[in-house]
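Visitor: Below are the structure tokens for one structure; questions will follow.
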């Protein structure tokens, strides 16, 4: 993008006048927050959090209050995600199970044992028909959402899974594991189509770019890398934290939100290729972070057991 000096100056002034601002601090969990997910149905005003205390909580952004507290897992919740149609809230846990909750009803849930070892992550396909789970058994498994039946496995990592995500078109899965490998899988064949070997840390979290060609990777070294699958090359590289823990794309695809064990939240302008904000607030490690579907807000969770909601305040120039 070619930006003149005056345009850059105007953009900088606008950013200073419209910095992200902390909206509310939410309390309820008794142990560190492990994951955050927003309901794609913006009318619901919901986002959910999972915690090492074994519970899930659903929060309402319109009145900044807790709507539901879901109890059922017998160990730490490691992942939470709303189904893209907004009708299911899924959770996975170190107790080796996946649970499906109804986000508008407080009560029982459906449950199935997905792995024989603790589950680290889960992710829905964009069409809401499939779910993948990654675990300490080194496997990624794919499940039919409506029947909860096992569909296929993706095998090739040599250590615990850390993160696994569908690309938006549902044809490719990206994964990262403690073997320092970032792998891309063909959903139909189950075969690994490419591997990036990380030399500077474990890929702890992965976020596919909406264009189906790129993926952002948070590394335990503190780096954030953006790879392009089509050319199989590194596109962008940032060193942002002492140890990066999580990342999230803004809906406009122009911004990348990151957090780390240094207690900082950083926002990167990927068009200009530079960090533009550094935010503090949590007392200790920031463990997870997520933009809302409309990009107007983002939520953060930390080892201080707190959930914070921030107003984005971005001005598009």
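Visitor: Show me the strands (runs of 3 or more DSSP E) found entirely inside region 38-91 where at least 3 residues are within 15 Å of residue 293 (Cβ to Cβ) and touching a residue at least 24 places away in the same chain (Cβ under 8 Å).
Guide: Values: elements: 46-51, 55-60, 65-71, 77-82.
The strands (runs of 3 or more DSSP E) meeting that bar are 46-51.
Visitor: Let me ask another. Spot the failing condition for residue 169; the list is (1) surrounded by 20 or more Cβ atoms within 10 Å (Cβ to Cβ); (2) more than 26 Å from residue 110 (Cα to Cα); (3) touching a residue at least 40 places away in the same chain (Cβ under 8 Å), and only one is missed.
Guide: Every condition holds for residue 169 apart from (1).
Visitor: A further question on this structure: Of all the residues that make up region 293-317, how many are modelled with pLDDT of 95 or more, in a loop (DSSP other than H, G, I, E, B) and at negative phi?
Guide: So the count comes out to 3.
Visitor: Something else: Would you confirm, using the coordinates I've provided, whether residue 289 is under 16 Å from the mean Cα position of the chain (by Cα) and either more than 16 Å from residue 27 (Cβ to Cβ) or crowded, with 19+ Cβ neighbours inside 10 Å (or both)?
Guide: Details: under 16 Å from the mean Cα position of the chain (by Cα): yes; either more than 16 Å from residue 27 (Cβ to Cβ) or crowded, with 19+ Cβ neighbours inside 10 Å (or both): yes.
Considered against the rule, which asks whether it is under 16 Å from the mean Cα position of the chain (by Cα) and either more than 16 Å from residue 27 (Cβ to Cβ) or crowded, with 19+ Cβ neighbours inside 10 Å (or both), residue 289 comes out as yes.
Visitor: Looking only at region 224-236, count every residue that is part of a loop (DSSP other than H, G, I, E, B) and within 15 Å of the chain's Cα centre (by Cα) and tell me the total.
Guide: 0
Visitor: Just wondering, is there one or more residues in region 198-207 that are more than 26 Å from residue 130 (Cα to Cα) and within 17 Å of the chain's Cα centre (by Cα)?
Guide: Yes, region 198-207 contains a residue that is more than 26 Å from residue 130 (Cα to Cα) and within 17 Å of the chain's Cα centre (by Cα).
For (1) surrounded by fewer than 21 Cβ atoms within 10 Å (Cβ to Cβ); (2) assigned to a loop (DSSP other than H, G, I, E, B); (3) at pLDDT 95 or above; (4) in contact with a helix residue (DSSP H, G or I) (Cβ under 9 Å, 6 or more places away or on another chain), each residue gets a yes or a no:
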{"position": "238", "(1), (2), (3), (4)": "yes, no, yes, no"}
{"position": "241", "(1), (2), (3), (4)": "no, yes, yes, no"}
{"position": "247", "(1), (2), (3), (4)": "no, no, yes, no"}
{"position": "253", "(1), (2), (3), (4)": "yes, yes, no, no"}
{"position": "258", "(1), (2), (3), (4)": "no, no, yes, no"}
{"position": "262", "(1), (2), (3), (4)": "yes, yes, yes, no"}
{"position": "271", "(1), (2), (3), (4)": "yes, yes, no, no"}
{"position": "282", "(1), (2), (3), (4)": "no, yes, yes, no"}
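Visitor: Tell me the residue from 30, 11 that is modelled with pLDDT of 95 or more and more than 29 Å from residue 148 (Cβ to Cβ), please.
Guide: It is 30.
The values are calculated or read from the model by the stated rules, or taken from the named source; none is laboratory data. In this text the structure is predicted, and so the values were computed from the model without any measurement. Quick reminder, even Gly has a Cβ in these numbers, built from the backbone with ideal geometry, and neighbours come from all protein chains shown.
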